[in-house]
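Peer 1: Input: one structure, supplied below.
The values are calculated or read from the model by the stated rules, or taken from the named source; none is laboratory data. The model shown is predicted, which means the values in this text are computed figures rather than measured ones. Here the Cβ positions follow ideal geometry from the backbone for every residue, glycine too, while neighbour counts run over all protein chains shown. Heads up: the accessible areas ignore ligands, DNA and RNA and are worked out on the full protein's heavy atoms, side chains in. Shrake-Rupley method; radii C 1.70, N 1.55, O 1.52, S 1.80 Å.
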Amino acid sequence: MTIRTLLSVLAALALVFVLAACGAAGGNGDGNGDGNGNGNGIENGDGNGNGNGEDNGNGNGEDDGNGNGNGDTAGVTRLGYVSLVESSSESGFTLGAGTYEVSGGGAFFETTAAIPGAFLADPIQEELETCEVFSVGTPPNGDGFPEPPGGVTFTTLDAGTPLTVVVSGSGSTYATMERESHTVGGDTWIVYELEEGVTGSLPAGLALTVPGADFPAFSAVAFPNVGSFALNDPSDGSGVTVDTEFAWDSSSAQHAFVTLSVRSDDFSTHVTCWTADDGSFSFPSDTKSELGSAFSGSVSSAERTAARVEVNAAENAALVLSTTSVQEFGLFF
């Protein structure tokens, strides 16, 4: 289980919803719940997190954490994932050059086996310094709905509605995510999403409140601050070869990584790479061999994602929050 897996799951759920809208039975469910799941995160930050959860303590870190954690987090079988994504378009194809818009969504899961403690301590553990090459007609993870490792299966949970994103300090509402549910093939899938994008770049100091239902409540959990992302080289995304050295300004965001998506000039070959947010990247030797020395292409998109984990062991639940800044360069196909 990694952040990449969670993103793939959300994408697959979105596809399920599209298919449902084209003819499958749909439905909305109301679900309200109490819940006191204000546990502490794996990382305590500038706040006042006292607790004895895994990797917990009274220390200072980059991400805020409030409340009390307790117990070993390795036994958690309920996992929530909520993301906010800031997109900009350099080409003007999607939004207009220099324009920013924030989208967001999430889902909550019950798993058949405990979420590994290693994931809770470092949700990007297996993603770094790897690439995936694929051709038109065979997208990455092309076998369909992604499956967590070890034969783990899951169902989606109702977490109450709406999820509320607030501005820390002022407490004003930045955005809400409404629950949507559809029944497809006898299974009900529940996801949350912003109904409309928020114009402007993603501000710092946002926090999420989950009202709680089948998944427990979490209150004012801080999102990580990802900071806006842009490539320094190649600055316009063009002229990519197997020997290109990608460069950007690194950040101090915790659990941060960069995703680079590149397409060939004839659109027949695509490559996606995941790397540490350390300011530079070049294709690994096996990727160079797979692309071939004559490869020539352009960057479709480049992005930085930061993540944090908030755990409430008493409620058998963990909440993963991520923020992403995406620089788009044009067509993706």
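Peer 1: Once the piece of chain linking Thr112 and Asp265 is laid out straight, how much longer is it, given 0.36 nm per residue of separation minus the C-alpha distance between them?
Peer 2: Taking 0.36 nm per residue and subtracting the Cα distance, the gain is 50.7 nm.
Peer 1: Taking each pair of distinct Cα atoms in segment 156-238 once, what is the resulting Kirkwood hydrodynamic radius in Å?
Peer 2: One over the average 1/r among Cα pairs gives 15.0 Å for segment 156-238.
Peer 1: How big, on average over all directions, is the shadow cast by the Cα convex hull of segment 218-333, in nm²?
Peer 2: Over every viewing direction, the Cα hull of segment 218-333 projects on average to 8.7 nm².
Peer 1: With every protein chain left in place, what is the accessible area per residue of segment 169-307 in square angstrom, probe 1.4 Å?
Peer 2: I get 40 Å² per residue for this part.
Peer 1: Give me the Å³ per residue figure for the convex hull around the C-alpha atoms of segment 234-291.
Peer 2: Value for segment 234-291: 83 Å³ per residue.
Peer 1: Compare the peptides 194-206, 111-123 by average per-residue count of other Cβ atoms within 10 angstrom and give them in order, highest first.
Peer 2: By packing density, highest mean first, the sequence is 111-123, 194-206.
Peer 1: Not counting ligands, DNA or RNA, and with a 1.4 Å probe, what is Glu110's accessible surface area in Å² rounded to the nearest 10?
Peer 2: It works out to around 60 Å².
Peer 1: A further question on this structure: Report in % the part of the accessible area of segment 216-333 that belongs to carbon and sulfur, leaving out ligands and nucleic acids; probe 1.4 Å.
Peer 2: 44 percent
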